[in-house]
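S.K.: Pasting a structure here, questions to come.
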């Protein structure tokens, strides 16, 4: 297929999904199936283990960022439950993902992303940040994200 990403295939609807996107969707289906069978305590423990396993798989610089972000979220949003989201580290409240870390290597892009989903309720006027591109993570960057996580964790 000319003009498509290597490994991309057209769906019945004519959309093109890369191998990485299809793998992420399969992971999301497995995550949903697993989480429906757990108590809240089991869900937190399993989520923490899954997040740590995903972080351990990351290349060095991304792993370092993800470890710092995981520790920061644990402190600033202790009510958020670690879990994976499309195979990426994420943190949820009441079963809904609030924020996530997407390593650059996941989709072979030039920067990692720390993002917030609509249930984060970070609304501020008519426009607010919903995701941040990360090439690194300075102390100031971490402080900015910690403030947003604190607000998002509610």
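The values are calculated or read from the model by the stated rules, or taken from the named source; none is laboratory data. Please read these numbers as outputs of a predicted model, since none were measured by experiment. A quick note on method: Cβ atoms are made from the backbone with ideal geometry, for glycine too, and the neighbour counts reach across all protein chains shown.
This table checks each residue for (1) outside any helix (DSSP H, G or I); (2) at pLDDT below 95.
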residue	(1), (2)
5	yes, yes
24	no, yes
49	no, no
54	no, no
63	no, no
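S.K.: Quick check on residue 29: is it modelled with pLDDT under 90, out of contact with any strand residue (DSSP E or B) (no Cβ under 7 Å at 6 or more places or on another chain) and closer than 24 Å to residue 132 by Cα?
M.R.: Criteria not met by residue 29.
S.K.: Identify the residue in the stretch 85-137 that is in contact (Cβ under 8 Å) with a residue 40 or more places away in the chain and part of a loop (DSSP other than H, G, I, E, B) and, among all such residues, is surrounded by the most Cβ atoms within 10 Å (Cβ to Cβ).
M.R.: 103
S.K.: Let me ask something else about it. Among the residues of the stretch 115-134, count how many are within 16 Å of the chain's Cα centre (by Cα) and over 16 Å from residue 152 (Cα atoms).
M.R.: We begin by selecting, within the stretch 115-134, every residue within 16 Å of the chain's Cα centre (by Cα); these are 115-120, 129-134.
Retained after the next criterion (residues that are over 16 Å from residue 152 (Cα atoms)): 133-134.
Qualifying residue count for the region: 2.
S.K.: Among (1) touching a helix residue (DSSP H, G or I) at 6+ places or on another chain (Cβ under 7 Å); (2) under 26 Å from residue 30 (Cβ atoms); (3) touching a residue at least 40 places away in the same chain (Cβ under 8 Å); (4) not in a loop (DSSP other than H, G, I, E, B), which single condition is residue 142 missing?
M.R.: Exception for residue 142: condition (2).
S.K.: In this structure, does residue 66 turn out to be in contact with a strand residue (DSSP E or B) (Cβ under 9 Å, 6 or more places away or on another chain), surrounded by fewer than 18 Cβ atoms within 10 Å (Cβ to Cβ) and closer than 26 Å to residue 108 by Cβ?
M.R.: Considered against the rule, which asks whether it is in contact with a strand residue (DSSP E or B) (Cβ under 9 Å, 6 or more places away or on another chain), surrounded by fewer than 18 Cβ atoms within 10 Å (Cβ to Cβ) and closer than 26 Å to residue 108 by Cβ, residue 66 comes out as no.
S.K.: Among (1) modelled with pLDDT of 95 or more; (2) within 27 Å of residue 154 (Cβ to Cβ), which single condition is residue 34 missing?
M.R.: Of (1) modelled with pLDDT of 95 or more; (2) within 27 Å of residue 154 (Cβ to Cβ), only one is false for residue 34: (1).
S.K.: Being more than 18 Å from the chain's Cα centre (by Cα), at pLDDT 85 or above and exposed (fewer than 11 other Cβ atoms within 10 Å of the Cβ) is the requirement here; does residue 15 meet it?
M.R.: The answer is no for residue 15.
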